[in-house]
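None of the figures in this text is laboratory data; all of them are computed from the coordinates on show. Everything numeric here is computed off the predicted structure, so don't read it as measured data. So basically every Cβ, Gly included, is an ideal-geometry build from the backbone, and we count neighbours across all protein chains shown.
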Amino acid sequence: MKGITLPVLGIAAIFATSISSCNNQKSDDTMETKKGITKASFGQADGKEVFLYTLTNAKGTQVKISTYGGVVTSWIVPDKNDKKSSIVLGFDSLSGYLAKPPYFGALIGRYGNRIANGKFKIDTSEYTLATNNGRNHLHGGNKGFDKVVWESATENDSVPSLMLSYLSKDGEEGYPGNLNVDVRYTLTDDNELKIEYSAKTDKATVVNLTNHSYFNLTGNVSNTILDHTLMIDADNYTPVDSTLIPTGEIKPVKGTPFDFTKGEKIGLRIDSVKGGYDHNFVLNKKDSSLTKVASLSDDKSGRTLEVFTTEPGLQFYSGNFLDGSIKTSDGKAINQHSALCLETQHFPDSPNQPKFPSTLLLPGQQYHTVTVYKISVNK
Ligand code: BGC
C-alpha cells in the first residue's frame, strides 16, 4: 500500500528489554533514556504480531506506541521535582487493550465521534454503519482503527518518528471506499508529540481521524483532573441532544460553563453541565494552519500541555463514563474524571450537518491533518 515505503532501520530492530517496566502512571527513573527509537514485541492480535515502539528524545522524554490501535500507551515526562511519570492512561501489556477499554490512547477512525443513527448519504447513496453507541455510530464502529493491527516503519531521521499504515477496505464497518491511512508520530526534542494523519480513497467517503489519549498531568490516576486549568480558544461550541448528537446549532460559550477562553479550573462549573463535559468546541482559528488551540495545566506537577492543530474542532471529554471498573496495570481504579481527552477533529455528525465543515473525501484528494501535543514543566 502507498505510504509504507519507508525502510525499517536496523536500530528499530533492537529490542528494548526495559519496556515492560516503564509502566503507565507509575514513576520510573531507571528507564533507558538514549535518544532514538526501539521496537519490542507486544504480543499477538488478529493472528499478527503486535509491536511496541519506544520513542526517546534528547531530554529523555519517552513515548510508547503500540501497533495495535496505534495506541500511545505511555508518555513519560518529569514533573517539577524531576519525578518521572506517564501523563496518559495506558497499560503495560496488550491484554489491557484487548479487553476494550474506552479507546485509551488509540487512533480513531474512520470517523471520530458520532454519526447519528449510523446513517449518512453521499449524493443519492445511503450508507449504514454499525450502531455501537445506543442508536448512534461512535469512533468507527465495532472494530474501528483503535482495534486493528497497523503496519509500521521507522525513518532514518534525527528525530524519532514512527509511521503507521492501515488499509481500511471498502465496506469495512459500512463505510464506502478502500481507504489508505498513514499516521506518523514524531517526538521532538521540544517535547512535542506530533501526529500527522494522511489518507486517500478510491470512492467518495467520509473521514475524521483523531487520537484518543486520556491525560492526567499529575501522572497519578488517583487524582482527578478537576483541578487542572483548561484554556480552549473557542468562542462557540456545538450543543448536543440527549444522545450527544449535535443539534446543528453553533452557540456562543460566553456566560456559560463552556467558556474556557480565559482558562478555567475544570471542576469549577462541571456540575452545571449534565453528565460532564463531552462537547465539540468550534475553534476560533480561521484556516487550516497549525495553530495553538488549547492548553491544560496542573499546579501540583508543574506540567502544562499545549495543543496545536490544523483541525476546526476540539472534543473536550472529561472522562465522564470512567467508573472505576477498569484498573491501571498497577491496580489503581480509573474513576470518573481521573483523566480527560482533547480530541482534535471535524465536528461530530458532520456527514448529516450541511452547515458544518465537510468531512467528505473524494478519489484523487489527499486527507492531511496535523496535531501537536506539547508538554512543558514549570519548575
Ligand atoms: C466521546 C465520549 C465517549 C468517549 C469514550 C469520546 O470521544 O465524546 O462520548 O464516551 O469518547 O468512548
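Grab the Cα-Cα distance for H368 and L98, subtract it from 0.36 nm times how many residues apart they are, and report the gain in nm with one decimal. Write out the running numbers ahead of the final one.
Details: separation 270, 0.36 × 270 = 97.20 nm, distance 2.90 nm.
Stretched fully, the H368-L98 segment lengthens by 94.3 nm.
Couplings 3J(HN,Hα) for segment 96-108, derived from phi with the Karplus relation 6.51 cos²θ - 1.76 cosθ + 1.60 (θ = phi - 60°), are x, 7, 5, 7, 6, x, x, 6, 3, x, 7, 6, 10 Hz, where x marks Gly and Pro.
Cβ crowding within 10 Å ranks L138, L89 as L138, L89, fewest other Cβ atoms first.
The simple spin-label model puts a point 7 Å past each Cα toward its Cβ; for I250 and T128 those points are separated by 3.4 nm.
What full-extension length gain, to one decimal in nm, is calculated for L167 and Q44 as 0.36 nm per residue of separation minus the Cα-Cα distance? Mind showing how you got there, number by number?
Numbers: separation 123, 0.36 × 123 = 44.28 nm, distance 1.89 nm.
Between L167 and Q44, full extension yields 42.4 nm more.
With a Förster radius of 30 Å applied to the C-beta separation of N284 and N378, the computed FRET efficiency comes to 0.75.
By its C-alpha gyration tensor, with a ≥ b ≥ c as the square roots of the eigenvalues, how is the chain shaped: rounded for a/c under 1.5, else prolate for a/b larger than b/c, else oblate?
Numbers: a/c = 1.58, a/b = 1.12, b/c = 1.42.
It is oblate, given that a/c is not under 1.5 and a/b is not larger than b/c.
One chain, two ends: L226 and D241. Fully extended at 0.36 nm per residue, the span grows by 3.0 nm beyond their Cα-Cα distance. Within the chain, what's the longest run with no chymotrypsin sites (Phe, Trp or Tyr not before Pro) in a DSSP loop and at most 15 other beta-carbon atoms within 10 Å? Give the range, please. The reported range is 16-320. Springs join every pair of Cα atoms under 10 Å in this Gaussian network model of the chain, and among N133, N280, N81 the largest mean-square fluctuation is at N81. Simple rule: put +1 on each Lys or Arg Cβ and -1 on each Asp or Glu Cβ in segment 6-377, find the dipole, and look at L314, I270, C341; the Cα lying farthest toward the positive end is I270.
Taking T124, T61, T344 in turn, the Gaussian network model of the chain (Cα-Cα springs below 10 Å) assigns the largest fluctuation to T124. Just to confirm a number: summing +1 for Lys and Arg and -1 for Asp and Glu over residues other than D271 whose beta-carbon lies under 14 angstrom from that of D271, what do you get? Counting the neighbours of D271, the net charge comes to +2.
Comparing mean-square fluctuations of K251, K119, K39 from a GNM of the chain with C-alpha springs under 10 Å, the top value falls on K251. Among residues other than F51 whose Cβ falls under 15 Å from its Cβ, what is the net charge (Lys/Arg +1, Asp/Glu -1)? Residues near F51 contribute -1 overall.
In order along segment 275-281, the Karplus-derived 3J(HN,Hα) couplings, from 6.51 cos²θ - 1.76 cosθ + 1.60 at θ = phi - 60°, round to x, x, 6, 7, 9, 8, 9 Hz, and Gly and Pro are given as x. Take the residue pairs K254/K374; K262/K374; K83/K262; K251/K300; K35/K300 and return only those whose Cα atoms are more than 22 Å apart. Those over the limit are K254/K374; K83/K262; K251/K300; K35/K300.
With respect to the cross-link table entries K265/K292; K100/K332; K48/K332, which display a Cα-Cα separation exceeding 22 Å?
On the way: K265/K292 19 Å; K100/K332 17 Å; K48/K332 30 Å.
Checking Cα-Cα distances, K48/K332 exceed 22 Å.
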